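The values are calculated or read from the model by the stated rules, or taken from the named source; none is laboratory data. Since the model is a prediction, treat every value here as computed from it, not as a measurement. Note: ideal-geometry Cβ built from the backbone for every residue, glycine included; neighbour counts use all protein chains shown.
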Amino acid sequence: MNTNEPIYSMPKIIGKDARVLILGSMPGVQSLTKQQYYANPRNQFWRIMYALFNQEYVNPSYAEKTNFVKKHQIALWDSIHYCKRQGSLDSAIKDEEPNNIPGLLRTYPDIRAIAFNGSKSFAVFKKHFKSVIPTGIDLIKMPSTSPTPSRYPKTLDEKIEEWSKIKNYL
């Protein structure tokens, strides 16, 4: 993807009774190309979600995955509405503009927590919205599910343990 052309996030995945909003930063190239959240097969997001609810992950379709999270009152979106970026790395994101997170929270007042999938998502959120989020919504920074190694490598089991915190809000 050319850094001079803005890239845009995808539509949110959300059911009317969502309790937890998971925010990524900006989908990677594979996800944007397929228009599917967490489409890179090495990304552990979907495996973690299924493990949280003791469900076997047997290559479900994208529709099955999105129905699964909605059934469990989990919504997916991104902190960033558009940005410039070459490749898929968060560190390459430039000139980001945020999604309207406060507007989403007004539309879906049952959301009790926002879980951030990685540091960039949390940093963008804090920069734009931390002071305008209604009280009663917890902000939870999670380890990234990305296949890109982080400063704090965690095993899949360790990530599942960390991500299990979101179940307290469902």
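Checking each residue in segment 41-90 for being of a type in the set (Phe, Trp, Tyr) and either more than 26 Å from LEU105 (Cβ to Cβ) or buried (at least 19 other Cβ atoms within 10 Å of the Cβ) (or both) picks out PHE45, TRP46, TYR50, TYR57, TRP77.
Beta carbons closer than 6 Å, at least 6 apart along the sequence or on distinct chains, pair a first residue in segment 54-65 that is assigned to a loop (DSSP other than H, G, I, E, B) with a second that is at pLDDT 95 or above for TYR57/ARG47; TYR57/TYR50.
ILE14 meets all of the listed conditions (1) among the hydrophobic types (A, V, I, L, M, F, W, C); (2) at pLDDT 95 or above; (3) closer than 17 Å to LYS120 by Cβ but one, namely (3).
If only residues of segment 114-170 that are part of a helix (DSSP H, G or I) and of a type in the set (A, V, I, L, M) are counted, the one that is modelled with the highest pLDDT is ILE166. Of note, TYR82 satisfies the criterion of being assigned to a strand (DSSP E or B) and of a type in the set (Ser, Thr, Tyr). For segment 85-105, filtered to residues that are assigned to a loop (DSSP other than H, G, I, E, B) and modelled with pLDDT of 95 or more, the residue that is nearest to the chain's Cα centre (by Cα) is ASN99.
Being closer than 24 Å to ILE137 by Cα and not acidic (Asp, Glu) is the requirement here; does LEU89 meet it?
On the way: closer than 24 Å to ILE137 by Cα: no; not acidic (Asp, Glu): yes.
Taking the combined requirement at face value, the residue does not satisfy it.
Listed residues LYS94, LYS130, LYS126, LYS154; which is surrounded by fewer than 14 Cβ atoms within 10 Å (Cβ to Cβ), free of Cβ contacts under 8 Å to residues at least 12 places away in the same chain and either touching a helix residue (DSSP H, G or I) at 6+ places or on another chain (Cβ under 8 Å) or farther than 22 Å from LYS70 by Cβ (or both)? Can you show your working first?
On the way: LYS94 fails: free of Cβ contacts under 8 Å to residues at least 12 places away in the same chain; LYS126 fails: surrounded by fewer than 14 Cβ atoms within 10 Å (Cβ to Cβ); LYS154 fails: surrounded by fewer than 14 Cβ atoms within 10 Å (Cβ to Cβ).
So the residue among LYS94, LYS130, LYS126, LYS154 that is surrounded by fewer than 14 Cβ atoms within 10 Å (Cβ to Cβ), free of Cβ contacts under 8 Å to residues at least 12 places away in the same chain and either touching a helix residue (DSSP H, G or I) at 6+ places or on another chain (Cβ under 8 Å) or farther than 22 Å from LYS70 by Cβ (or both) is LYS130.
When segment 1-32 is filtered for residues that are assigned to a strand (DSSP E or B), crowded, with 20+ Cβ neighbours inside 10 Å and touching a Ser or Thr at 6+ places or on another chain (Cβ under 8 Å), the ones remaining, listed by number, are LEU23, GLY24.
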